[in-house]
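The values are calculated or read from the model by the stated rules, or taken from the named source; none is laboratory data. Computed from a prediction, not measured in an experiment: that's the story for all the values here. When we count neighbours, we look across all protein chains shown, and the Cβ atoms used for this are built from the backbone with ideal geometry, even at glycine. For accessibility, only protein heavy atoms count, side chains too; no ligands or nucleic acids. Shrake-Rupley method; radii C 1.70, N 1.55, O 1.52, S 1.80 Å.
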Amino acid sequence: MSARALVVGAGPNGLAAAIALADGGREVLVLEASDRPGGAVRTEELTLSGFHHDVFSSVYPAGAASPVFARMELERHGLRWVHPQACYAHPLPGGGGAGLYRDPARTAASLDAVHAGDGERWVAFAEPWLRHFRALRDTMLSGFPPVRGPVQLVARHGPRKAVELARLLLMPAQGLGDELFEGSGSRAWLYGSAMHGDTPPSAAGSAIAAAYLNLLGHAVGWPSPEGGAGRLAEALVGRLRELGGEVRTEARVAQVATDNGRVTGVRLADGEGVDGAIVVADVMPRDLLAMCGDALPADYATALRHYRQGQATIKVDWALDGPIPWEARAAREAGTVHVGGDEPEVLETTSMQSRLAEQPFLLVGQQSLADPSRAPEGKHTAWAYTHGPHRTVDWAAEQDRHVERIEGQIERFAPGFRDLILARHVMGPADLERRDPNLVDGDVGGGSYSLDQVLFRPVPSLSPYRTPLRGLYLGSAATFPGGAVHGVPGHAAGRVALAEARLRRW
């Protein structure tokens with residue numbers, strides 16, 4: 001049997017796992033089902049020639065903060081981060097709105113324009129966390145269990161700060177908003193960041209998402225790769241090849257091969273066998289089960305079947321004849337715009353569990369504002385996505401109507417938007433999963449972030465990357481710390497695989 005390591009899937013986590021293994025001295029082969037590496041990090045001309053759209057993910061605050069990516073020196077392989085003037089903006093009815101800027105003082109001024117005094121309140125909350133940002137980052141962007149960050153908080157600042165972090169992990173964003181702000185517009189601004197996951201502002205665990213993404217904005221910004229998300233994938237592949245690793249595309253893994261309770265390689269969909277002593281899978285639990293069949297113990301397989309996906313997603317990309325004409329000034333300079341209206345509307349629409357909202361909460365991206373390479377001169381790209389339930393909605397029947405709702409919602413806050421549309425490209429939940437099997441049912445977050453599945457993903461374990469099958473490891477967003485593009489789960493799985501291989505040799 002070959003001593004090489006195999007990685008199933010060339011998304012950012014698969015590539016991070018491969019780089020960790022290659023850096024540890026292993027021969028590494030990455031097997032990718034698609035025609036190119038990158039997974040949900042991909043750029044294509046989806047609408048018209050010359051308009052470069054990020055097919056899936058687009059904005060990477062966690063990537064900019066990632067200690068895993070930082071060690072790879074991806075800039076040497078062509079990655080360049082581009083920062084918009086504002087990380088994000090939240091327009092409000094009547095033409096106002098607030099923005100998140102890298103400068104806390106500028107953010108405070110934006111919030112004060114919505115409600116006097118709320119800017120000062122935000123800075124009072126944010127600045128202590130920014131002083132402890134490395135400890136916070138080492139908690140949120142580390143392998144499981146996340147010990148180093150909390151230990152740093154306790155060692156440097158006493159147990160009180162660790163207790164405050166635990167409180168944020170448990171509380172709803174709505175509770176945090178009530179504590180921090182007097183203005184409902186400021187609270188709506190806060191809730192928008194919580195909606196990057198699938199946990200509404202009224203649910204326990206959403207406060208940490210809202211606070212953490214805003215703090216990332218101050219600490220590292222909300223950048224995107226110059227030229228498109230695909231440049232990040234290219235840089236990761238460049239680093240892997242520098243270490244001697246190989247990526248093979250159009251190689252769909254159908255089965256993990258085993259002998260006597262240990263991995264011996266994989267079998268591809270065309271029947272070819274590929275030998276390997278280590279297999280790291282950048283896949284969702286559903287696909288790991290399908291690849292392993294009866295080789296996994298029954299109790300572990302049952303636990304994987306209980307893993308819950310997050311909400312479904314519909315995404316629309318546009319080629320535009322000009323920038324989106326937002327009424328809110330902050331939105332005209334932001335890379336991301338949270339479109340949901342005032343506090344009551346945000347709370348109502350984000351709490352819907354069984355139907356689609358008539359005025360949906362949207363995440364809108366306009367990367368061409370800061371990166372002119374995305375579109376022909378004078379033109380622009382934009383995208384929007386919104387979540388919804390996957391089992392109680394007939395997405396095929398609703399898709400066209402929901403695209404109308406999405407465009408109508410943007411038109412509400414940017415009159416004249418529809419007149420700028422040159423072309424559109426739409427992906428519903430089934431389209432997203434068809435293009436990337438890890439986006440199960442159109443879930444772009446790698447599984448639900450309801451409180452019980454935030455820490456223990458995909459199963460309760462001190463080493464969630466290790467499976468009961470010797471030599472098989474899971475390194476996808478289904479493991480801690482979860483989704484977003486930062487490479488931590490894959491890197492952690494690769495490190496665990498190396499450590500166990502050394503122990504076996506010893």
For segment 384-398, check the following and say yes or no: at least one residue is open to solvent by 40 Å² or more (accessible area, probe 1.4 Å) and over 20 Å from SER354 (Cα atoms). no
Output the qualifying pairs, or none if there are none: Cβ atoms under 7 angstrom, residues six or more apart or on different chains, first residue in segment 394-415 and without any contact (Cβ under 8 Å) to a residue 12 or more places away in the chain, second residue open to solvent by 80 Å² or more (accessible area, probe 1.4 Å). GLU411/ARG418
Qualifying positions in segment 164-223 - part of a loop (DSSP other than H, G, I, E, B), out of contact with any Asp or Glu (no Cβ under 8 Å at 6 or more places or on another chain), under 24 Å from ALA105 (Cβ atoms) and open to solvent by less than 20 Å² (accessible area, probe 1.4 Å): GLY221, TRP222, PRO223
Please state which one of GLU75, GLU127 is under 17 Å from LEU216 (Cβ atoms), open to solvent by 60 Å² or more (accessible area, probe 1.4 Å), out of contact with any Cys (no Cβ under 8 Å at 6 or more places or on another chain) and not in a loop (DSSP other than H, G, I, E, B). GLU127
Kindly evaluate GLU358 against the criterion of being in a loop (DSSP other than H, G, I, E, B), acidic (Asp, Glu) and modelled with pLDDT of 95 or more. no
For the structure I just gave you, tell me whether LEU141 is of a type in the set (A, V, I, L, M, F, W, C), touching a residue at least 24 places away in the same chain (Cβ under 8 Å), within 23 Å of PHE69 (Cβ to Cβ) and surrounded by fewer than 21 Cβ atoms within 10 Å (Cβ to Cβ). no
Across segment 10-22, what is the number of residues that are in contact with a Leu (Cβ under 6 Å, 6 or more places away or on another chain) and more than 14 Å from ALA501 (Cα to Cα)? 3
Quick one: would you say THR258 is touching an Asp or Glu at 6+ places or on another chain (Cβ under 8 Å), part of a strand (DSSP E or B), open to solvent by 10 Å² or more (accessible area, probe 1.4 Å) and more than 26 Å from GLY487 (Cβ to Cβ)? no
Has segment 409-421 got any residue that is open to solvent by less than 30 Å² (accessible area, probe 1.4 Å), part of a loop (DSSP other than H, G, I, E, B) and among the hydrophobic types (A, V, I, L, M, F, W, C)? yes
Go over the candidates ARG106, ARG102 one by one and state the one that is under 30 Å from HIS218 (Cα atoms), open to solvent by 40 Å² or more (accessible area, probe 1.4 Å) and assigned to a loop (DSSP other than H, G, I, E, B). ARG102
Which pairs have Cβ atoms under 8 Å, sit 6 or more apart or on different chains, and link a residue in segment 480-503 that is under 21 Å from PRO460 (Cα atoms) and touching a residue at least 12 places away in the same chain (Cβ under 8 Å) to one that is among the aliphatic types (A, V, I, L, M) and open to solvent by 30 Å² or more (accessible area, probe 1.4 Å)? PHE480/LEU455; PRO481/MET140; GLY482/VAL454; GLY483/VAL444
Residue satisfying condition, being in a strand (DSSP E or B) and more than 17 Å from HIS196 (Cα to Cα), within set THR381, THR392: THR381
Test: LEU92 is aliphatic (A, V, I, L, M), at pLDDT 95 or above, open to solvent by 10 Å² or more (accessible area, probe 1.4 Å) and in contact with a Gly (Cβ under 6 Å, 6 or more places away or on another chain): yes
ARG26 fails exactly one of (1) within 22 Å of the chain's Cα centre (by Cα); (2) buried (at least 19 other Cβ atoms within 10 Å of the Cβ); (3) not hydroxyl-bearing (Ser, Thr, Tyr), namely (1)
Could you list all residues from segment 448-475 that are in contact with a Lys or Arg (Cβ under 8 Å, 6 or more places away or on another chain) and either more than 22 Å from ALA298 (Cβ to Cβ) or surrounded by fewer than 24 Cβ atoms within 10 Å (Cβ to Cβ) (or both)? SER448, SER450, GLN453, LEU469, ARG470
Collect the residues in segment 357-383 that are touching a strand residue (DSSP E or B) at 6+ places or on another chain (Cβ under 6 Å) and surrounded by fewer than 20 Cβ atoms within 10 Å (Cβ to Cβ), keeping them in residue-number order. ALA370
How many residues of segment 51-66 are open to solvent by 20 Å² or more (accessible area, probe 1.4 Å), in a loop (DSSP other than H, G, I, E, B) and either at pLDDT below 95 or more than 19 Å from TYR385 (Cα to Cα) (or both)? The answer is 0
Across segment 144-158, which residue is surrounded by the most Cβ atoms within 10 Å (Cβ to Cβ) among those that are aliphatic (A, V, I, L, M) and assigned to a helix (DSSP H, G or I)? LEU153
Taking strands (runs of 3 or more DSSP E) that fall entirely within segment 269-343, which contain at least 1 residues that are closer than 19 Å to GLY9 by Cβ? 273-275, 278-281
Looking only at segment 244-253, decide whether some residue is at pLDDT 95 or above, touching a His at 6+ places or on another chain (Cβ under 7 Å) and open to solvent by less than 10 Å² (accessible area, probe 1.4 Å). no
